[in-house]
Each structure stands twice: as structure tokens, then as C-alpha cells.
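Colleague: Input: one structure, supplied below.
The values are calculated or read from the model by the stated rules, or taken from the named source; none is laboratory data. Just so it is clear, the structure is predicted and the values come from calculations on it, not from any experiment. All Cβ positions, glycine included, derive from the backbone under ideal geometry; neighbour counts span all protein chains shown.
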């Protein structure tokens, strides 16, 4: 039943179909728990922006389907925040893509944008497509493209067959001074386990098995990765998160565990974020709830 309701909302958001009065009446019958689950499923499948558009479409036709849900004010505020942040991230990614396209074009490369960014142009609102990485094809200029990107001082991983990967803001270079200032003012050493940061006090080559122990022993964690955020949650360590190209996945995780206020940058200083303490009671309740869900699912699948 929930899945059918979600499909209805998403179809309205994508303008595949118009909502009917019976659809609206059905959605009005949802409890606050139903709406919470619908929102979580939408986030899990990276369609939060389309979910928002669907609700807006339904509202314009018949009114607010959440009007009788007194406990949904927080949910609506979170959905709005997530969607506005998604718009911001899409604009940033589009700007990055234009800059890269201009740079490569000025140096004789023809670039064709592929996959997600190209598909997003066909969304009713392209800014509400979930962001990920950027894929583009350089025709016969593969090697030349790698060379040009390296000339910008960016590391290019060309170990894949005719497929290279690079990150324009994958490291903390733009935040390095802020991180160093925070560490000095609090008498802390900067340790970077698993990734080399030239400005860190200590760089540790660590295997995945022992990586978690570094998180557990840290005074606080500053990360821009999904797994860094997950390990901070598991280890119960205060964290600050910088969003980048993986922002949609990271933001969804932070929303699920009610830690969206841990983002620094975008107007929030590292000091101000780490000054606030995480409510670990709320976070651990979410961990317990999601672990129970996973175990229940595994047991049902095994029973089949």
C-alpha cells in the first residue's frame, strides 16, 4: 500500500499523471508514521526532490494531503530543507560542469555529458534530480583530457579501462586552513587515516578492519565522505561534515539520523558546528530502529 502511494506521488512529481480525488482522499488517510515511512523510502531511493514536487502538485489540485497530520510539521520542514539544499547542490554541480566543459573545450576537447546530468534535463524541475558524480565522454580525446585535468593539479585515477576518475573537491584543500586553525586552538593533532592530506600532522596507512578504531579514539571527526559519517555514528564520535559531489547520499544519511546540523561550510563555521553536541539518544534510537528493520528483513528473506 505504501509503495503504491509513493508511486502515485512520484508520478505526479514527474508529471507522468495527474492526481485524482480518490488519490488525494487515500493520501489524506495516511498516519504520521505512514508519512514518515514514505519520506524515508523516497530519501533511500534518492527521489526526495521528486517526492516534494509530487506533494506540491497534489496541493495545487486539491489541498495539503498532510493537513490532518498534526505531527507532520517537522517532516514538512525537513523535506523543504532537503529540497532547497538539493537545488543548491545542483546549481553548484552545474557550475562545475560548465567550468570543466569550457576548460576542456578551450583546449580542443569535445565533451558530451552523459547519464545523470543529461537525464536530469528531462525532469520537470532539473534542480530536483538527486546529484551524484558527473559522467562525460571525450570521444577521441581521452588521453588528452587526462593530461589537461592533471595540469590543474588534480589527481586522475586512470587505472580503469578507458575510464578515469577524478575529484575536483574530493579533498579538504578548501577547508584546510579552517581545520588547522580549529586543531591549533583546541590543542589537537590532525590525523588522516586511509587518505593522504599533505597538511595533516599525521597520515596513517590503515586497513578497513582497523579504521574504525581511529574514529573511536578521536576527539572529533571532520569528514566529507559517506563512510566517514557512518563510522562516526557507529563510534559515537562528535563530527562535522563537509558536503561535496556525494552530497545527496550524505545529506540523506544525515537527515535519517537527524544530524543535518553537522554540516560545515555553506555559511556554518567548523567551530560553530563542533561547538554544538550531538544528541546521541536520538541518533542511537535511529541506529537501533534501522538495525531491527534490517534483521527483520533478513529473517523474512531467509524464511522464504
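Colleague: Looking only at the stretch 114-139, count every residue that is modelled with pLDDT of 90 or more and part of a loop (DSSP other than H, G, I, E, B) and tell me the total.
Modeller: Of the residues in that region, 8 qualify.
Colleague: Ok, one more. Do you know which residues across the stretch 99-113 are surrounded by fewer than 15 Cβ atoms within 10 Å (Cβ to Cβ) and either touching a helix residue (DSSP H, G or I) at 6+ places or on another chain (Cβ under 6 Å) or at pLDDT below 90 (or both)?
Modeller: Scanning the stretch 99-113 gives 99, 107.
Colleague: Given the residues 49, 54, which is the only one that is more than 17 Å from the chain's Cα centre (by Cα) and modelled with pLDDT of 85 or more?
Modeller: 54
Colleague: For the stretch 281-300, check the following and say yes or no: at least one residue is closer than 29 Å to residue 185 by Cβ, at pLDDT 90 or above and assigned to a loop (DSSP other than H, G, I, E, B).
Modeller: no
Colleague: If I ask for residues that are under 18 Å from residue 265 (Cβ atoms), modelled with pLDDT of 95 or more and outside any helix (DSSP H, G or I), which ones from the stretch 191-234 would you list?
Modeller: Within the stretch 191-234, 220, 221, 222 meet the criteria.
Colleague: Sticking with this structure for a sec: So for the stretch 9-18 (the condition being part of a helix (DSSP H, G or I), surrounded by fewer than 20 Cβ atoms within 10 Å (Cβ to Cβ) and at pLDDT below 90), does at least one residue qualify?
Modeller: Checked against the condition, which is being part of a helix (DSSP H, G or I), surrounded by fewer than 20 Cβ atoms within 10 Å (Cβ to Cβ) and at pLDDT below 90, the stretch 9-18 yields no hits at all.
Colleague: Residues of the stretch 42-76 being over 22 Å from residue 20 (Cα atoms) and surrounded by fewer than 16 Cβ atoms within 10 Å (Cβ to Cβ), which ones?
Modeller: Passing the criteria: 44, 45, 70, 71, 73, 74.
Colleague: Then there is this: So which residues in the stretch 196-211 are under 23 Å from the mean Cα position of the chain (by Cα) and surrounded by 15 or more Cβ atoms within 10 Å (Cβ to Cβ)?
Modeller: Passing the criteria: 197, 211.
Colleague: Suppose we filter 98, 85 for residues that are part of a helix (DSSP H, G or I) and in contact with a strand residue (DSSP E or B) (Cβ under 9 Å, 6 or more places away or on another chain); which single one remains?
Modeller: Just one listed residue meets the conditions, 85.
Colleague: For the condition crowded, with 17+ Cβ neighbours inside 10 Å and farther than 29 Å from residue 293 by Cβ, what is the one hit in 175, 164, 232, 185?
Modeller: Residue meeting the stated conditions: 175.
Colleague: State the number of residues belonging to the stretch 238-277 that are surrounded by fewer than 19 Cβ atoms within 10 Å (Cβ to Cβ), on the phi < 0 side of the Ramachandran plot, modelled with pLDDT of 90 or more and not in a helix (DSSP H, G or I).
Modeller: Of the residues in that region, 4 qualify.
Colleague: So residue 158 ticks every box in (1) free of Cβ contacts under 8 Å to residues at least 40 places away in the same chain; (2) part of a helix (DSSP H, G or I); (3) over 30 Å from residue 275 (Cβ atoms) but one. Which box is left unticked?
Modeller: Every condition holds for residue 158 apart from (2).
Colleague: Let me ask another. Which is within 24 Å of residue 90 (Cα to Cα) and in contact (Cβ under 8 Å) with a residue 24 or more places away in the chain, of 16, 41? Talk me through it step by step, then tell me what you get.
Modeller: Working: 16 fails: in contact (Cβ under 8 Å) with a residue 24 or more places away in the chain.
Step by step, each of 16, 41 is checked, and only 41 is within 24 Å of residue 90 (Cα to Cα) and in contact (Cβ under 8 Å) with a residue 24 or more places away in the chain.
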